[in-house]
Amino acid sequence: MLRDRFRCVALDQRGHGDSEWSPVVDYRIATHVGDIEGFVEALGLQRPIVVGQSMGGLNSIAYATRHSDRLRAMVIVDVAPEISTAGADRIRDFASTPELDSPQAFLERAVKFNPLRDPAVLRRSLHYNLRETPSGKWALKHDQRRRSDDAMRSFTDDRLQLASEASKIKCPTLLVRGSLSDVLTDEAAGKFASSLPDGRWVRVENSGHNVQGDNPRGLLDAMTAFFRDAKNLLIPSRNRARAGAAKR
């Protein structure tokens, strides 16, 4: 829905989608930042707007602590250094779904996990997020090794460290919270946004953690308003901006 005004590029981060899994199980935030640095350089993106949700949002925040002078702006969707443990654990449990017999079995599980989402949208999403294994079963395109207890402890340490580095982020930043999210609270969203030199936050109604899937129109409206209000962000389509989106 942004293609008429921006060049949009979606990145499958390491261990996700069709990108390679780390042979040494390195999924630290700093390593993800290194990947984003290489991605931006390889595509020659000039002052991109970085958009990240969930884990991609944390990686975007970390990238901005190093390179906010190179960013036109940043949009973070339903995540901050301070999150609700119960909501994060629920996502971790779903992402750890073992191999199942069919895509339909995954769809049934996904509908129970996120009843807000249109099943047709979930089916399309799963089409890109599942792979058939040699045994004939189906699995998520996630490296499940990154869910080990040690890996999660390291990731939590990295996430909490981001709070102390927020003041380094100078670019205009919008934090979007799904109104029904059990991961990010209003209090945590406001706290993080206020810690940024140029930060603001907005609540998108009728959406949970996955705002982009639950209420895409609401997310688009929030982003468009942000681009309109933030100086020099909304560029006419004849001078299309380059926008890199860090995918969850």
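Numerical summary
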{"quantity": "Filter pass, residue 154 being touching a residue at least 40 places away in the same chain (Cβ under 8 Å) and crowded, with 23+ Cβ neighbours inside 10 Å", "calculated": "no"}
{"quantity": "Subset of segment 57-103 that is farther than 30 Å from residue 47 by Cα, more than 15 Å from the chain's Cα centre (by Cα) and of a type in the set (Val, Ile, Thr) - its residue that is surrounded by the fewest Cβ atoms within 10 Å (Cβ to Cβ)", "calculated": "85"}
{"quantity": "Pick from segment 97-119, criterion at pLDDT below 95 and polar (S, T, N, Q), ranking: farthest from residue 215 (Cα to Cα)", "calculated": "97"}
{"quantity": "Tabulated pairs, segment 62-83, first under 22 Å from residue 152 (Cβ atoms) and in contact (Cβ under 8 Å) with a residue 60 or more places away in the chain, second buried (at least 24 other Cβ atoms within 10 Å of the Cβ) and hydroxyl-bearing (Ser, Thr, Tyr), C-beta under 8 angstrom, 6+ apart or interchain", "calculated": "76/60; 76/173; 78/181"}
{"quantity": "Scope segment 20-30; condition more than 16 Å from residue 153 (Cβ to Cβ) and either exposed (fewer than 15 other Cβ atoms within 10 Å of the Cβ) or touching a strand residue (DSSP E or B) at 6+ places or on another chain (Cβ under 8 Å) (or both); matching residues", "calculated": "20, 23, 24"}
{"quantity": "Breaking point among (1) over 13 Å from the mean Cα position of the chain (by Cα); (2) surrounded by fewer than 17 Cβ atoms within 10 Å (Cβ to Cβ); (3) within 22 Å of residue 125 (Cβ to Cβ), for residue 15", "calculated": "(2)"}
{"quantity": "Number of the exception - residue 150 against (1) outside any helix (DSSP H, G or I); (2) among the charged types (D, E, K, R); (3) at pLDDT below 90", "calculated": "(1)"}
{"quantity": "Hits in segment 120-147 (condition: of a type in the set (Lys, Arg), modelled with pLDDT of 90 or more and assigned to a helix (DSSP H, G or I))", "calculated": "123, 124"}
{"quantity": "Condition check for residue 47: among the charged types (D, E, K, R) and more than 26 Å from residue 141 (Cα to Cα)", "calculated": "yes"}
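Conditions (1) polar (S, T, N, Q); (2) assigned to a loop (DSSP other than H, G, I, E, B), marked per residue:
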| site | (1), (2) |
| --- | --- |
| 1 | no, yes |
| 25 | no, yes |
| 31 | yes, no |
| 36 | no, no |
| 41 | no, no |
| 52 | no, no |
| 58 | no, no |
| 88 | no, no |
| 105 | no, no |
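The values are calculated or read from the model by the stated rules, or taken from the named source; none is laboratory data. These numbers were taken from a predicted model, which means no experiment stands behind them. Heads up, the Cβs are rebuilt from the backbone with ideal geometry, glycines too, and the neighbour counts pull from every protein chain shown.
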